[in-house]
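The values are calculated or read from the model by the stated rules, or taken from the named source; none is laboratory data. The model shown is predicted, which means the values in this text are computed figures rather than measured ones. No Cβ is skipped: glycine too gets one built from the backbone with ideal geometry, and neighbour counts run over all protein chains shown. Each accessible area value is taken on the protein alone, full model and side chains, heavy atoms only, with ligands, DNA and RNA left out. Shrake-Rupley method; radii C 1.70, N 1.55, O 1.52, S 1.80 Å.
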Amino acid sequence: MAIVQAYDKYLIPDARLKLFARDLWQSPDMLSAAPAQMYGLAWRLKMQDEVVIASRYTHKESFENLANVVPLQGLVALMDLKERRHDAIEAFLLQLRAQYNLLCSTHQSNMKEQFLALRRKAQSAFSAPYPQRSDLVAETLLEL
């Protein structure tokens, strides 16, 4: 992100930085290497499409790291997104739990451990920038 520091140091307007930086969000390597910085920069430059792209890479970032580089409004939006993703995971697991409840008591005995393991798998799968939901569903159904 040295280019951003140079633009800030020499007081080059954001509009010029925006023209140069647009291609940065097309690089998964750049997004993976500095997700919080890329999200914060997209928010600062008011580049909505790039904010959405960069947000996909921030799910494993700590709150402290995000808070250091993301403006408050962007941080609130990102925390809202994280909460909605968490709620989606829980809704997915509740649907699967309903299927388990149809099983006989013998097969339900280790249900709690299975759901804890499944929750960890789901959280891990959905923290990827582009989760493969079909893979998670297939793996889960095979376990049933």
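Taking every C-alpha pair closer than 8 Å and separated by at least 6 residues, the mean separation divided by the residue count of segment 13-105 gives a relative contact order of 23 percent. Dipole orientation for segment 5-58: of the candidates Ser27, Ala42, Ala54, Ala42 has the Cα lying most toward the positive pole (charges on Cβ; Lys, Arg +1; Asp, Glu -1). Across the accessible surface of segment 32-93, with the other protein chains kept in place and a 1.4 Å probe, carbon and sulfur atoms take up 54 percent.
For segment 1-72, pairs of C-alpha atoms spaced more than 18 angstrom apart make up 32 percent of the total.
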